[in-house]
Structures are given as C-alpha cells and as structure tokens.
Amino acid sequence: MKGYGIYLPVEIRLSYDTNETVLKDAFEMHGEIIEVKVICDHKSGKSKGYGFVHFTTEIAASNALKEMNDRILDGRNIRVQYVHKR
C-alpha cells in the first residue's frame, strides 16, 4: 500500500511531550492514516521532538499540511512539510 508522508521537523520544536496518540488524534480528521511515529532516543526512550504521519492518499496529506501547519499542538507551534527523500 502506497502512503503519503508528512514530516514534523525537530527544528520547529514539536513538544517533547507529544506522543503518537496525540499526533494521531490531531491529524486523523484529515484522512485515513497508515502510521504515526514519534521518533525517540534509543537509550532514554524520550521523544527527540519530531515525528511522522503517513496518510493513505495524497489529498489527505495535502489537507493536513494546509490545515495543521503553524498550529499549536501540546503548547508548541508545529511546522508540517512533506518528507523529502534523500
């Protein structure tokens, strides 16, 4: 199944308290989600301050990008952008 990802970059200060449930709850109104992932430090288990939301359609990802960019989530403004392949 092909999915379209949205990336919440660390440099935009995603709250370190934000977990996958919070991300899913915030983004699921924009479309069906394949996966939500908050990236955590391997040793401490604490959030590194960024995460990924993967939608089933490009339309859902685009709507989420437009609606969620610069919104407040867990007390912090988030910046939402498409994942860029390296």
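None of the figures in this text is laboratory data; all of them are computed from the coordinates on show. Just so you know, these numbers come straight off a predicted model, no measurement behind them. Quick reminder, even Gly has a Cβ in these numbers, built from the backbone with ideal geometry, and neighbours come from all protein chains shown.
Short version: what are the Cα gyration tensor semi-axes of the range 4-82, square root of 5 times each eigenvalue, largest first, in whole Å?
Listed largest to smallest, the semi-axes of the range 4-82 are 20, 13, 10 Å.
Relative contact order of the range 4-82, please, whole-number percent, based on alpha carbon pairs below 8 angstrom and at least 6 residues apart.
For the range 4-82, the relative contact order is 43 percent.
Would you mind calculating the gained length between Ile72 and Thr57 on full extension (0.36 nm times residue separation, minus the Cα-Cα distance), in nm to one decimal?
Gain on stretching Ile72 to Thr57: 3.0 nm.
Rank by packing, highest mean first: peptides 37-44, 73-80, with packing defined as the count of other Cβ atoms within 10 Å averaged across residues.
Most protected by this proxy first, the peptides run 73-80, 37-44.
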